[in-house]
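Have a look at the structure below before the remarks.
The values are calculated or read from the model by the stated rules, or taken from the named source; none is laboratory data. Note that the structure is a prediction, hence the values are computed from the model and not measured. Methodologically, a virtual Cβ is constructed for each residue, glycine included, from the backbone with ideal geometry; neighbour enumeration extends over all protein chains shown. Only protein heavy atoms, including side chains, enter the accessible area calculation; ligands, DNA and RNA are left aside. Shrake-Rupley method; radii C 1.70, N 1.55, O 1.52, S 1.80 Å.
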Amino acid sequence: MFAESVSEEALRQDFETLTVSKRLVRSVSQKLRKKNHRGEGGEEDKVRGVSLKCLTLYGRGGGCKVGADTGEELGDPSYRRRSSASEEGKVYKSICGIEDNNFDCFSYGVREKFWKKNNRKDLDLEESVRNSRMHIFLPDDILEMCLVRLPLTSLMNARLVCKKWRHLTTTPRFLQMRREGSCQKPWLFLFGAVKDGYCSGEIHALDVSQDQWHRISADILRGRFMFSVASMQDDIYIVGGCSSLTNFGRVDRSSFKTHKGVLVFSPLTKSWRKASSMKFARSMPILGISEVCSDFSVIQSHQNRHDRQFPRSRVGGVSDVYEDPHRLSLRRQYRNAFDENEPSLLPNRRSYKFIRQRSEQANMKGCKRFVLIAVGGLGSWDEPLNSGEIYDSLSNKWTEIQKLPIDFGAVCAGVVCNGMFYVCSENDKLAGYDIERGFWIGIQTSAFPPHVHEYYPKLVSCNGRLFLLSVSWCEGDGQIGRRNKAVRKLWELDLMYLTWTEVSVHPDAPMDWNPVFVADRNLIFGVEMFKIFGQVLDFFTVCDVSDVEMNWSHISRNHMAHELDASSCMTKTMAVLHL
């Protein structure tokens, strides 16, 4: 009996030893099998985090034991204990094939459905991260090249995307790239709108290429009227003006204050800044913008400025033998006039001038530099002025220039052409201010274009050509009658022979006695506003002077003036920019 118990104990020990050895062999085989699976599907595991290969399918009476070894892979400490306890005394049988073979238990198309259903969010997240990285690591110069080609309205919207885009589109380098690029389109900016008797301070901007109107709020201009505007590169200068003292904001000239301050508006950045104030307060001054070299500086000599006679005169004429292509007769007249009047002209000759000097700032070489000239207008007591000032954008200072003669009359129009600031008066006189040498020149042309007394002429300049717009009566058989009508004509001055030539006729009847005409490059833009049948109408026209026929065309009609007062016809002013 004792021997039988001993033998049974020995057999039990041997059976346990055999069982342990079987478990050890099975565990080693499973590890080798898992290692092979990881080697085959390693790339897929790295992307999705779990293998798509099916483990060997075991079961008692059927069933698929998918991922049965994940507990050991994840380092579950109780896995081996549970595995050993469950495997003891159990006989496993493969139901999916031979143990050593590896195969995919998913049928065709099941794998894609499985991962689409369970990992759709993960894939979307990976795609979004991939796209965001593409935007984050896009170089700044590529972004600038893309943004610089946007229209102005799209560029303004792009600045709202993020701080980085706003910074890139407001740097001086970006503005210079856009200024020198070919993506610029003309924009018209209309100032001086009056609503319900008050100066609203709003700016109406027209995108000519898209025929779209935009409204820009400008609270800084609220209550200010009778000012002048001029465009310099990408900025608009608002010079002078008036404001009511008793009824602030209203167009009231019974008690008003005349301003000498200057404001600068940048449409690209929608920012405002103050420039240096003029020496004299002016309303509705005549403005001109001219480009000068960067190595010029403005100085004011202490010469006598009380001589108001023109030190120079220019008379058109030709030689008796030749047609004088080199203006030899004019040079001879200038030389004779200078020799005869040299003692009296010498003090005024240098009253105000530009002199060359070596630039102390090397970085300013090659940069564009502009000056702003303001002449005439009305003073603080509503008196006409014959004085003028010049503003240097580099030094931010105003300097007084030589005055016009008393007999010249009130200045009604002016423009810069080929370095000369041409002005015309209500007395049909023409004069030019030589910006480089700093003195006025009286210009005697052929018969001045006829015009109706109530309609003063307007001067514009396009690519070195000087034009004048005037309103005159159509030619009739005799005296002006009911059948005669007034038309607005475009005249060009031949700067060689100083003769006027009619080149075009405006299609609209001159209903507005105070129209505004501005020119930029080859285009002349005009705006007319008038009240008829209790409603204010507006007409915007354009003329391309590069065209041989020089025909006018309408670009906008009755889009913004219907909500304005009739006084806007008197206070309006306009500037044009290519943005």
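Numbers at a glance
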| item | result |
| --- | --- |
| The stretch 434-579 shape via C-alpha gyration tensor axes, a/c threshold 1.5 | oblate |
| Pairwise centroid distance, computed over Cα atoms, of the stretch 234-273 with the stretch 399-477, Å | 26 |
| Table column - 3J(HN,Hα) (Hz), the stretch 273-289, Karplus curve with 6.51, -1.76, 1.60, x for Gly and Pro | 8, 9, 9, 5, 6, 5, 6, 10, 6, 9, 10, 6, x, 8, 10, x, 10 |
| T171-H559 pseudo-label distance in nm [points 7 Å out on the Cα-to-Cβ vector] | 3.4 |
| Net charge dipole size for the stretch 401-504 [Lys, Arg +1 and Asp, Glu -1 on Cβ; Debye, nearest 20] | 280 |
| The stretch 521-532 - phi-based ³J(HN,Hα) in whole Hz, Karplus 6.51/-1.76/1.60, Gly and Pro as x | 6, 9, 10, 10, 9, x, 9, 10, 10, 7, 9, 8 |
| Rounded accessible area per residue of the stretch 469-579, 1.4 Å, Å² | 48 |
| Carbon/sulfur fraction of accessible area - the stretch 524-576, other protein chains in place, 1.4 Å, % | 51 |
| The stretch 384-459 - percent of accessible surface contributed by carbon and sulfur, probe 1.4 Å | 48 |
| For the stretch 369-436, size of Cβ-based charge dipole, Lys and Arg +1, Asp and Glu -1, in debye | 220 |
| Estimated FRET transfer efficiency when R0 is 51 angstrom, pair R26-L138 (beta carbons, to 0.05) | 0.35 |
| Where only C-alpha atoms are counted, convex hull volume of the stretch 135-224 per residue in Å³ | 121 |
| Among G240, V194, L152 - extreme Cα towards positive end, dipole of the stretch 137-247, charges at beta-carbon | L152 |
